Amino acid sequence: MGDENKPSQTPKLDELEKGPWPSFVREIKRAATKSPMARDLLGVLELSYEEKVGHWKHGGIVGVRGYGGGVIGRYSDVPEKFPNVAHFHTLRVNQPAGWFYRTEALRAICDLWERHGSGLTNLHGSTGDIILLGTRTEELESTFADLTKAGFDLGGSGSDVRTPSCCVGPARCEWACYDTLNFTYDITMHFQDELHRPAFPYKFKFKASGCPNDCVAAIARADLSIIGTWRDEIQIDQAALKEYTENGIDIQADVCERCPSQCMSWNGKELRIADEWCVKCMHCINAMPKALRPGQERGAVILIGSKAPIVQGAMLSSVLVPFMKMEPPYTELKELVGKILDLWSEEGKSRERVGEFIQRVGLGNFLEAIGLEPKPEMVAHPRENPYVFYEEYFEEEPEAASETEG
Amino acid sequence: MANPVTIEELSEAMYRMVKEATGVKKLKPTDLTKAMMEHFGPERCSKEACKEALRRLMDSGRCVYTYYGGSFVELPPEEGTEI
Amino acid sequence: MADTVAERKTDIGPPHYEKFLPPVVKANYGKWKYHEIVQPGVLVHVAESGDKLYTVRAGTPRLLSIQTIRELCDLADTYSDGYLRFTSRHNIEFLLTDPDKVGPLIIELTTRGFPVGGTANAISSMVHTQGWIHCHSAATDASGIVKSVMDELIGHFQTMELPAKLRLALACCLNMCGAVHCSDIAILGIHRRPPKVDQEKLSKICEIPTVVASCPTAAIRPKRINGKETVEVIEEQCMFCGNCYTVCPAMPLSNALNDGVSIWVGGKVSNARHAPMFSKLAIPYLPNNPPRWPEVVAAVKNIVEVWAKDARKYERMGEWIERIGWPRFFQKTGIPFTKQHIDDFRHAGLTYQRSVHIKS
């Protein structure tokens with residue numbers, strides 16, 4: 001960039017090219033060798049570093065025709081200084097399940113982004129999408145056309161089904177209790193309309209984790225968290241246990257004593273598990289993957305309602321279905337989700353996530369509305385306060401006793 | 001369904017509603033659907049028909065989705081509109 | 001325009017994942033038996049068939065130029081038959097069947113500046129948001145802090161000597177696009193001043209009832225000023241969440257002098273041992289001090305070091321704090337406990353100490 005004798009235009013950002021961790025400044029500079037947009041991004045970012053304040057404005061009015069999701073509009077508030085980033089819109093591109101790629105596919109994305117945008121990306125965004133960072137309004141349609149030609153589609157944004165994402169699952173993990181990739185692809189296709197055409201009170205996220213280690217943070221980040229589990233016995237290879245004891249694992253201290261339900265015992269030769277007390281936390285399996293494996297009767301726990309703080313505070317998902325078999329075409333789950341989406345679309349307030357909606361109407365009423373029986377697995381404990389609503393009660397009959405109550 | 005309202009009629013009614021609301025109230029897709037169901041009655045108008053009508057309206061480019069902390073249906077703004 | 005519309009493809013969804021799975025994965029899909037961590041950043045998965053799959057994991061800045069993606073693709077073409085994947089924490093993974101290629105690939109990656117690691121009891125790459133690079137509501141930058149923190153802690157990415165996993169994350173405002181609220185250590189950008197109402201703009205582009213309704217503490221009231229319908233903010237009631245700004249661009253709350261960073265600790269999402277937990281407030285405010293945020297880096301490093309020294313094997317940050325108790329957490333880390341640490345939002349009382357079980 002420019003004359004070697006000239007002082008750098010970005011002294012603050014240059015500091016962030018130093019040090020051992022890979023530098024995002026180097027990435028912007030690399031893109032800037034070809035893209036004036038990336039060059040001006042560097043300029044506007046340096047300005048933010050000087051002034052300690054951002055320089056981007058809302059841009060909620062751009063998209064591709066017919067879609068309400070997938071494009072995040074952004075405009076600069078200093079366009080006169082940095083005209084090449086006057087528009088700096090982002091596209092969210094639906095990633096392949098599990099984030100697997102062949103290099104041809106990634107190269108195709110690079111090529112089209114070289115033609116249409118800044119040449120900068122995120123692999124990946126927080127929701128899981130491929131993020132194409134920075135283009136102009138007039139490039140959106142042609143970028144979209146090239147994307148679909150390359151076999152990709154936009155992801156979600158706004159009040160729609162957000163791009164579902166999942167862990168590596170059975171593609172590379174022995175702990176996957178259901179096929180997270182297949183499930184994610186299946187529901188992504190099933191909800192294409194809801195993903196591209198926002199019609200909900202607010203966003204709705206699906207995340208699919210194959211086991212209770214929850215590598216995609218489903219329990220913290222998804223309105224519907226589908227977390228793999230099992231309900232029979234942990235599979236034990238007693239011979240492999242010996243190998244671990246010889247390699248520095250103290251089974252009594254590191255495994256038995258760390259078990260949250262204290263359901264294991266070790267006599268120096270044999271490990272016993274009282275599976276009826278096991279809470280399926282994964283610790284023992286994580287510690288000794290060669291010796292212990294999840295059981296064979298596998299499925300998922302379906303949880304609902306997690307979210308970040310906006311508006312009513314952060315929430316974790318809570319149990320909706322303690323165990324569900326997860327096999328294509330996932331009819332039971334799709335029917336359940338259909339009922340939830342209908343109810344929440346109808347009665348949710350603007351910007352009210354489904355977790356907040358449940359808090360407002362009460363989990364009991366919510367269950368009744370979607371036709372699920374209340375179960376003790378759904379609560380940490382029953383209520384502590386006596387302020388109980390009853391819709392049904394006895395009434396004195398004017399005449400002699402009737403047989404039954406309504 | 002007796003004498004169902006056509007998708008074209010629904011699209012047109014939605015468009016008029018969005019046009020009239022411009023500058024007064026931002027409408028969500030559900031606002032449009034609820035209004036149509038009420039106006040035409042459940043005998044003549046289904047949720048599915050509303051969805052299809054909205055999709056056509058959007059595909060035609062006469063209305064667009066906007067985002068202000070939630071998604072709305074509006075007339076297409078001019079580029080560079082102050083936001 | 002008309003003819004391009006006719007050809008327009010929509011609703012095709014993402015490419016089917018099967019197209020991108022390496023042959024060894026396809027052959028052993030759902031039939032993996034166990035895995036081992038050969039060295040930091042290298043996993044071997046063994047299938048029931050006996051097939052072995054080597055994974056080499058490396059850190060990235062998440063923000064990648066197309067030039068660098070092509071460079072990474074070149075590596076995948078050379079070493080892993082053109083297959084690669086990314087993790088939920090922005091790491092890149094190369095999937096190899098030939099163990100002899102593992103060493104040379106590590107050398108290539110390291111030489112090109114991509115550190116190999118992030119496995120088992122290590123710090124993995126930091127989940128983070130856009131910050132000043134792209135966001136309109138950022139209270140701090142994201143990439144700059146992440147770079148500065150990881151420059152300092154990279155040793156823990158490349159080794160596996162911590163007591164347990166350590167998950168770091170950063171969100172540049174409390175919208176938390178990065179949903180950092182269940183991390184061992186979360187860095188969170190915060191605003192500390194109420195929105196400034198742009199009266200002129202507000203009456204033109206925002207709906208007053210929507211703006212009023214957006215406030216979770218009812219701090220926004222409709223008001224008529226100079227004959228125009230607008231709103232006023234009851235400043236003492238504002239907790240700087242920015243929800244009003246999201247629904248109405250005429251309520252900006254960035255403030256260069258007061259915006260900054262808070263630090264949260266002890267959250268986790270995994271169910272292993274302890275159930276999932278939220279992160280809790282450790283440090284209410286640190287200044288924005290670009291380009292390297294030395295106060296933030298020092299604070300994070302201190303917490304990591306105290307935990308690493310004191311925690312037992314397998315004890316995540318939150319499990320350690322639960323064992324030693326919060327008074328000792330503040331003692332050991334030397335972090336002052338202040339009024340801001342005590343919750344005053346909904347159900348705050350549930351976070352008070354309601355017993356005489358006191359460790360201090």
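Please name all residue pairs, on different chains or six or more residues apart, with Cβ atoms under 7 Å, provided the first residue is in region C:44-57 and is without any contact (Cβ under 8 Å) to a residue 24 or more places away in the chain and the second residue is open to solvent by less than 10 Å² (accessible area, probe 1.4 Å) and not in a strand (DSSP E or B).
Taking only residues 6 or more apart or on different chains, the pairs are C:Ala47/C:Asn28; C:Ser49/C:Asn28.
With the condition kept exactly as written, say whether any residue in region A:159-181 is farther than 30 Å from A:Gly299 by Cβ, assigned to a loop (DSSP other than H, G, I, E, B), in contact (Cβ under 8 Å) with a residue 24 or more places away in the chain and within 16 Å of the chain's Cα centre (by Cα). Spell out how you get there, then give the answer.
Let us first name the residues in region A:159-181 that are farther than 30 Å from A:Gly299 by Cβ, namely A:159.
Filter once more, so that each one left must be assigned to a loop (DSSP other than H, G, I, E, B): A:159.
Next cut, in contact (Cβ under 8 Å) with a residue 24 or more places away in the chain only: A:159.
Checking which are within 16 Å of the chain's Cα centre (by Cα) leaves us with A:159.
Taking every residue of region A:159-181 in turn, at least one turns out to be farther than 30 Å from A:Gly299 by Cβ, assigned to a loop (DSSP other than H, G, I, E, B), in contact (Cβ under 8 Å) with a residue 24 or more places away in the chain and within 16 Å of the chain's Cα centre (by Cα).
Quick check on my filter: what residues within region A:148-176 are open to solvent by less than 10 Å² (accessible area, probe 1.4 Å), more than 7 Å from chain C (Cβ to nearest Cβ) and more than 22 Å from A:Lys203 (Cα to Cα)?
Across region A:148-176, the qualifying residue is only A:Gly169.
Do the conditions hold for B:Glu79, that is, is it more than 30 Å from A:Arg74 (Cα to Cα) and modelled with pLDDT under 95?
In short, no.
Would you mind stating whether C:Lys101 is open to solvent by 30 Å² or more (accessible area, probe 1.4 Å) and either within 30 Å of C:Lys196 (Cα to Cα) or part of a helix (DSSP H, G or I) (or both)? Give the derivation first.
Numbers: open to solvent by 30 Å² or more (accessible area, probe 1.4 Å): yes; either within 30 Å of C:Lys196 (Cα to Cα) or part of a helix (DSSP H, G or I) (or both): yes.
When the stated conditions are applied, C:Lys101 passes them.
Could you identify the single residue in C:Leu162, C:Leu174 that is away from chain A (no Cβ under 13 Å) and in a loop (DSSP other than H, G, I, E, B)? Walk me through how you get there before you give the answer.
Values: C:Leu174 fails: away from chain A (no Cβ under 13 Å).
None of the other options fit; the residue is C:Leu162.
Return a yes/no flag: does region A:11-24 have any residue that is at negative phi, at the interface with chain C (Cβ under 8 Å from one of its Cβ atoms) and touching a residue at least 40 places away in the same chain (Cβ under 8 Å).
No.
Look at C:Thr78 and say whether it is open to solvent by less than 50 Å² (accessible area, probe 1.4 Å) and at pLDDT 95 or above.
no
Can you tell me which condition B:Gly41 does not meet? The list is (1) more than 10 Å from every other protein chain (Cβ to nearest Cβ); (2) open to solvent by 20 Å² or more (accessible area, probe 1.4 Å), and all the others hold.
For B:Gly41, the failing item is (2).
Looking at the structure I just gave you, is C:Glu93 more than 7 Å from every other protein chain (Cβ to nearest Cβ) and in a strand (DSSP E or B)? I'd like the intermediate steps shown before the answer.
On the way: more than 7 Å from every other protein chain (Cβ to nearest Cβ): yes; in a strand (DSSP E or B): yes.
When the stated conditions are applied, C:Glu93 passes them.
Name the strands (runs of 3 or more DSSP E) wholly inside region C:188-301 in which the number of residues that are over 21 Å from A:Ala308 (Cβ atoms) is 3 or more.
Of the strands (runs of 3 or more DSSP E) lying wholly inside region C:188-301, those with at least 3 residues that are over 21 Å from A:Ala308 (Cβ atoms) span C:220-225, C:228-233.
Out of region C:337-358, which residues are part of a loop (DSSP other than H, G, I, E, B) and open to solvent by 90 Å² or more (accessible area, probe 1.4 Å)?
Filtering region C:337-358 down to residues part of a loop (DSSP other than H, G, I, E, B) leaves C:337-338, C:342-347, C:352-358.
C:Phe337, C:Asp344, C:Arg346, C:His347, C:Tyr352, C:Gln353, C:Arg354, C:Val356, C:His357, C:Ile358, listed by residue number.
Just one of the numbered conditions (1) assigned to a helix (DSSP H, G or I); (2) touching a residue at least 12 places away in the same chain (Cβ under 8 Å); (3) in contact with a Gly (Cβ under 8 Å, 6 or more places away or on another chain) is not true of A:Met189; which one?
(2)
Here's a check for you: in region A:102-140, which residue that is of a type in the set (Lys, Arg) and either within 8 Å of chain C (Cβ to nearest Cβ) or assigned to a helix (DSSP H, G or I) (or both) is most open to solvent (accessible area, probe 1.4 Å)?
This residue is A:Arg115.
Kindly check whether there is at least one residue in region A:67-74 that is free of Cβ contacts under 8 Å to residues at least 40 places away in the same chain, within 13 Å of chain B (Cβ to nearest Cβ) and among the aromatic types (Phe, Trp, Tyr).
Scanning region A:67-74, I find no residue that is free of Cβ contacts under 8 Å to residues at least 40 places away in the same chain, within 13 Å of chain B (Cβ to nearest Cβ) and among the aromatic types (Phe, Trp, Tyr), so the answer is no.
Suppose the filter is surrounded by fewer than 21 Cβ atoms within 10 Å (Cβ to Cβ) and within 18 Å of the chain's Cα centre (by Cα); does A:Pro329 pass it?
no
Only residues that are of a type outside the set (D, E, K, R) and in contact with a helix residue (DSSP H, G or I) (Cβ under 6 Å, 6 or more places away or on another chain): list them for region C:331-359, please. Reasoning before the result, please.
We begin by selecting, within region C:331-359, every residue of a type outside the set (D, E, K, R); these are C:331, C:333-338, C:340-342, C:345, C:347-353, C:355-358.
Correct list: C:Thr333, C:Phe337.
For region A:253-286, give me each residue that is within 12 Å of chain C (Cβ to nearest Cβ), open to solvent by 10 Å² or more (accessible area, probe 1.4 Å) and without any contact (Cβ under 8 Å) to a residue 40 or more places away in the chain.
Selection gives A:Ala253, A:Asp254, A:Glu257, A:Arg258, A:Cys259, A:Pro260, A:Ser261, A:Gln262, A:Val279.
Yes/no matrix, rows are residues, columns are (1) closer than 26 Å to C:Ser214 by Cα; (2) open to solvent by 20 Å² or more (accessible area, probe 1.4 Å); (3) at the interface with chain A (Cβ under 10 Å from one of its Cβ atoms):
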{"site": "B:Tyr15", "(1), (2), (3)": "no, yes, no"}
{"site": "B:Val18", "(1), (2), (3)": "yes, no, no"}
{"site": "B:Gly23", "(1), (2), (3)": "yes, yes, no"}
{"site": "B:Met37", "(1), (2), (3)": "no, yes, no"}
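So which of A:Gly98, A:Gly43 is more than 16 Å from C:Trp132 (Cβ to Cβ) and modelled with pLDDT of 95 or more?
The conditions single out A:Gly98.
Out of C:Pro249, C:Pro276, C:Pro222, report the one residue that is under 18 Å from the mean Cα position of the chain (by Cα) and farther than 26 Å from C:Pro294 by Cα.
Checking each option against the conditions leaves just C:Pro276.
Could you figure out which of (1) of a type in the set (A, V, I, L, M); (2) part of a loop (DSSP other than H, G, I, E, B); (3) surrounded by fewer than 24 Cβ atoms within 10 Å (Cβ to Cβ) isn't true of A:Ala145?
A:Ala145 satisfies every listed condition except (2).
Here is a yes/no grid of residues against (1) under 20 Å from C:Cys135 (Cα atoms); (2) surrounded by 24 or more Cβ atoms within 10 Å (Cβ to Cβ); (3) at pLDDT below 95:
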{"position": "A:Asn5", "(1), (2), (3)": "no, no, yes"}
{"position": "A:Glu17", "(1), (2), (3)": "no, no, no"}
{"position": "A:Lys34", "(1), (2), (3)": "no, no, no"}
{"position": "A:Tyr49", "(1), (2), (3)": "yes, no, no"}
{"position": "A:Lys52", "(1), (2), (3)": "yes, no, no"}
{"position": "A:Lys57", "(1), (2), (3)": "yes, no, yes"}
{"position": "A:Tyr67", "(1), (2), (3)": "no, yes, no"}
{"position": "A:Phe82", "(1), (2), (3)": "yes, no, no"}
{"position": "A:Phe88", "(1), (2), (3)": "yes, yes, no"}
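The values are calculated or read from the model by the stated rules, or taken from the named source; none is laboratory data. Bear in mind the structure is a predicted one, so any value in this text is a computation, not a measurement. Please note: Cβ atoms are built from the backbone with ideal geometry, for glycine as well, and neighbour counts cover all protein chains shown. Only protein heavy atoms, including side chains, enter the accessible area calculation; ligands, DNA and RNA are left aside. Shrake-Rupley method; radii C 1.70, N 1.55, O 1.52, S 1.80 Å.
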